[in-house]
1. Going by accessible area, probe 1.4 Å, with all protein chains left in place, what is the ranking of Arg255, Arg348, largest first?
2. Sort out for me the Cα centre separation of segment 259-338 from segment 3-47, rounded to whole Å.
3. Solvent-accessible area per residue for the chain at a 1.4 Å probe radius, Å²?
4. Could you pull out which residues in segment 402-419 have an amide N less than 17 Å from a spot 7 Å beyond the Cα of Arg321, following the Cα-Cβ vector?
5. Which shape class applies to segment 161-310: rounded if a/c is under 1.5, otherwise prolate when a/b exceeds b/c and oblate if not, where a ≥ b ≥ c are the square roots of the Cα gyration tensor eigenvalues?
6. Hey, any idea what % of segment 306-354's accessible area is carbon plus sulfur with a 1.4 Å probe?
7. From the Cα gyration tensor of the chain, with a ≥ b ≥ c the square roots of its eigenvalues, which class applies: rounded if a/c is under 1.5, or else prolate if a/b is larger than b/c, or else oblate?
8. Considering only protein heavy atoms, what is the solvent-accessible area of His302 at a probe of 1.4 Å, reported in Å² to the nearest 10?
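The values are calculated or read from the model by the stated rules, or taken from the named source; none is laboratory data. Note that the coordinates shown come from a computational prediction; the quantities given were computed from them, not determined experimentally. Virtual Cβ from ideal backbone geometry, glycine too; neighbours counted across all protein chains shown. Just so you know, the surface numbers come from the protein's heavy atoms only, side chains and all, with ligands and any DNA or RNA stripped out. Shrake-Rupley method; radii C 1.70, N 1.55, O 1.52, S 1.80 Å.
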Amino acid sequence: MPLVVPDAVLGVVTLYRSEQPRPYSQQDLDLAVQVASRAALGIDHAASYTRERNTATALQRHLLPSRTPDLTTVETAHLYLPVSAGGDWFDVIELSGARVGLVVGDVVGHGIEVAATMGRLRTALRTLAELDLEPDELLIHLDEIAARLASENVDANGLGHDDDIPTGGRVATCAYAVYDPVKRRLTLASAGHPAPLLVSPEGEVSTVEVETGPALGTAHGTYETATYSLDDGAVLCLYTDGLLAGSDEAADTLRRVLTHQDRALSETADAIAYALADDQAEDDAVLLLARARGLSDDQAVHWDLPSDPSVVAAARSLAGRQLAAWGLEDIAFETELIISELVTNAIRYGEGPVSLRLIRDRHLTCEVTDGSNTSPHMRRAHDTEEGGRGLYLVMSMSHRWGTRYAARGKTVWSQQTLPGRTDEGARSPA
């Protein structure tokens, strides 16, 4: 009997009779037709499901980071265990001032639509993070974006209750943390996500006490931040709920494995995978481990400057001496020019007090802070104009540059590639 589905023949079913040599009756043949029809339909559905699952899993993997940045201030290790092509994701984001953003999230549901939603949320979060928003403010914006994505999914599919499409008030959960290696401080906010764990350098495991706000997608969420001081060697453990879904003892097992601080984080991640492996798991799982390494006192210097135009020359001189002490004379000219432009702008267009900070890590970061919330804007200066080229010079001589805001005032920062290092996308000095 042929295994027939619309537009295709999948194969045949061959029936043999051994003990009774008489021919098949019409009733036998009718039964065989029904069996073959149902079998063909089942095989076709299974093949379609497998193709969709493989496609969703491939999309999920493609949308996740192919690698995490190699940082000196944070050692990271991650684990992704795909089961049903869900929307679990993680990220490690380089921020200004040598800070690092750490993200773990989980989109509700399974399938291609969920993987696509995950990719869009991850991209949106990276964009918001690079604007240097505080974790609670970032989640407020991401909540609004998630609500719009859910609405778009409903409009595009004409449905509001498909299990594969996140809708309603709960699209995803997310935890976002920022580690500042200069202040050795961790700031974290959570949108309906499992509470992270914090492991001391001695191996003591505790739960990060942070008020958990609503999951992303309500468009009305408000969030709180928790701040922790981290000793060098402390480990932050972020994960999705699929990691602990295997058994009631999974949480205790995770804590027990994390107490071993005498091994590399990659080994710890592997040990967690083996300890919590579950053949019957129904949900994806993501784990992100981050070990803090603060900057030493001689890697960051800070000066308070009077709000007076005459101080620009003094700022250049201070920076030049510090660069010489760090052995960075090769970029002294560019750095002093950047500082001159940033300090001049802060004095001319901002408000006092003005401060200058240099940070030497994988890059050299120059930060100028003033008390004004006005934002500098890049514009094209015409040939007949005498000014308007300062930020263009800063951009030309920087690998990256930007502005971040505090409760009062702003910081304009510039990041330069150190001699001997090459960074993808770095700009050559003009």
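1. Arg348, Arg255
2. Each part reduced to its Cα centre gives a spacing of 66 Å.
3. 50 Å²
4. Under 17 Å, as judged by backbone N against the label point of Arg321, lies no residue of segment 402-419.
5. Verdict is oblate for segment 161-310.
6. Reported share for carbon and sulfur atoms: 53 percent.
7. prolate
8. 100 Å²
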